[in-house]
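Colleague: Please find one structure pasted underneath; my questions will follow.
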Amino acid sequence: MIFTGAGKTLNTDCPEVLIVGAGPAGLTAATYLARFRRRVLVADGGAPRACWIPVSHNMPGFPQGITGDAILKRMTEQAQEYGAVIEAGRIESLTCDGDGFIARLNRREVRVRAVLLATGVIDHRPDLPGVERAIERSLVRICPICDGYEAIDKAVAVVGDDDKGVREAAFLRTYSDRVTLIHTGPVEALTEQAEMARLGIELICAPIDNVRLEGDRATALSWGGTFRAFDLVYSALGTSPNVELAQALGARRDDDGRLTVDAHQMTSVDGLYAAGDVVRGLNQIAVATAEAAVAATAIHNALREADGWTVG
C-alpha cells in the first residue's frame, strides 16, 4: 500500500512496528510513529474501555466534555492522516524472531522489528441486569478519578467485594457525605470498617439482586426486599490486565499482574514496549497518551540506532 498524506509518501506493506490495541494509548503511539515516518500497523481488537465513556469532563482541552466515541474517532483520524494502518482483528500469537517479532493476525504472519502493547484491562463489572446500558447512561460508573466531581452532593453507592471498595468509598467522600458501600464479598474481606465509620460511610453487607433504572436514578434491590435509590453507582470490583501476549514471551509483571516497564516503557523483553492501563493502576487517558508518546519516541530512536544512526 502506498499512502500519500500531509505531503509525504509512505509504503505500509511491510510494517516496522506493530501496535496491539486501538485505544488512546495505541492510537497516540501510531500518530507519533507515523510522523516519525515509521511504517505502523495497529491491530484493533475492538471496543476499548474509552468507548464506554458517556461524556468526559476530565479530558484536557474539552471544557464542555467529549464522549469516548468522539475521542477515539478523532485519534483514529489523526493516526490515519499520517499513514498508520489500522486493521480490525486480534493478535492470535506473538513470538520473538531474531531481532524482531512474528505476530499472527487474521490468519497470516506479520514480521515486525518492535511491538507496543496497548492492550488495556478488562473491568470486573457488577453482575447486574442491564449493567451495560446503565454504564452508557452514566448511572453505573467505573472511574471516580475521572468523574467523581459529578458526584458532588449526590447519593452514591459503591459496589465492592474487598477493601478496594472501602478505599473507593473513602475517595468519593471528597464529593459527597451520602456515600454507601454495598459489600458483596465475605465480611472478613473488609479490614477497614473502623475507618469507614470515622468517615461516615454507610455499610451494607448483602448481594445485589436487581437494578431498576428510573429516569436519572439507579435503584438497587439488594437486601430485605427493600429498594434503595441512588443517583450514582460505582463499581469497585477491580480489573484484569490483558497481558497474555507478553506473558507468553516471559515479560515481567508487577504484583497486580500489570506489565513492568523501564523509563522508556520497554518491558523486560527487548523490543517489546507497553503503555496505558496494562502498565499501571492509574487508568487515565492522559496517562496512557503520555506513556504512548514516550514509548513511540523510544522505539523510533532504538530503530535509528540499530540502523546505524548514532548522531542526532
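The values are calculated or read from the model by the stated rules, or taken from the named source; none is laboratory data. Computed from a predicted structure; not experimentally measured. Cβ: placed from backbone, ideal geometry, glycine included. Neighbour counts: every protein chain shown.
Colleague: Residues of segment 101-118 being loosely packed, with under 15 Cβ neighbours inside 10 Å and more than 20 Å from ALA47 (Cβ to Cβ), which ones?
Modeller: If we filter segment 101-118 for residues that are loosely packed, with under 15 Cβ neighbours inside 10 Å, which is where we start, we get 106-109, 111.
Residues satisfying the conditions are ARG107, ARG108, GLU109, ARG111.
Colleague: Restricting attention to segment 279-302, and to residues there that are surrounded by fewer than 24 Cβ atoms within 10 Å (Cβ to Cβ) and among the hydrophobic types (A, V, I, L, M, F, W, C), which single residue is farthest from ILE53 (Cα to Cα)?
Modeller: ALA302
Colleague: Another one. Being surrounded by fewer than 23 Cβ atoms within 10 Å (Cβ to Cβ) and hydrophobic (A, V, I, L, M, F, W, C) is the requirement here; does ALA275 meet it?
Modeller: Details: surrounded by fewer than 23 Cβ atoms within 10 Å (Cβ to Cβ): no; hydrophobic (A, V, I, L, M, F, W, C): yes.
No; evaluated as a whole, the condition is false for this residue.
Colleague: Further, regarding this structure: Quick one: is SER268 polar (S, T, N, Q), out of contact with any helix residue (DSSP H, G or I) (no Cβ under 7 Å at 6 or more places or on another chain) and surrounded by fewer than 15 Cβ atoms within 10 Å (Cβ to Cβ)? Please lay out each step first, then the result.
Modeller: Values: polar (S, T, N, Q): yes; out of contact with any helix residue (DSSP H, G or I) (no Cβ under 7 Å at 6 or more places or on another chain): yes; surrounded by fewer than 15 Cβ atoms within 10 Å (Cβ to Cβ): no.
No.
Colleague: For segment 86-120, which positions are in contact with a Pro (Cβ under 7 Å, 6 or more places away or on another chain) and either at positive phi or not assigned by TED's automatic domain parsing to the domain that holds LEU245 (or both)? Don't jump to the end; show me each part of the working.
Modeller: Of the residues in segment 86-120, the ones in contact with a Pro (Cβ under 7 Å, 6 or more places away or on another chain) are 110, 112, 120.
Across segment 86-120, the qualifying residue is only GLY120.
Colleague: Hey, another quick one. Step by step: first the residues of segment 183-203, then only those that are among the β-branched types (Val, Ile, Thr) and crowded, with 16+ Cβ neighbours inside 10 Å, then the one that is nearest to PHE171 (Cα to Cα). Which residue is that? Please lay out each step first, then the result.
Modeller: Within segment 183-203, the first condition is being among the β-branched types (Val, Ile, Thr), and the residues that meet it are 184, 187, 191, 201.
Okay, now just the ones that are also crowded, with 16+ Cβ neighbours inside 10 Å, so 184, 201.
Details: THR184: 19, ILE201: 11 Å.
Only one residue fits best here, namely ILE201.
Colleague: Which residue, of VAL294, VAL261, is under 16 Å from GLY26 (Cβ atoms), of a type in the set (A, V, I, L, M) and assigned to a loop (DSSP other than H, G, I, E, B)? Step through it out loud before you land on a result.
Modeller: Numbers: VAL294 fails: assigned to a loop (DSSP other than H, G, I, E, B).
It is VAL261.
Colleague: Look through GLY83, GLY65 and report the one residue that is crowded, with 17+ Cβ neighbours inside 10 Å and at positive phi. Spell out how you get there, then give the answer.
Modeller: Numbers: GLY65 fails: crowded, with 17+ Cβ neighbours inside 10 Å.
The match here is GLY83.
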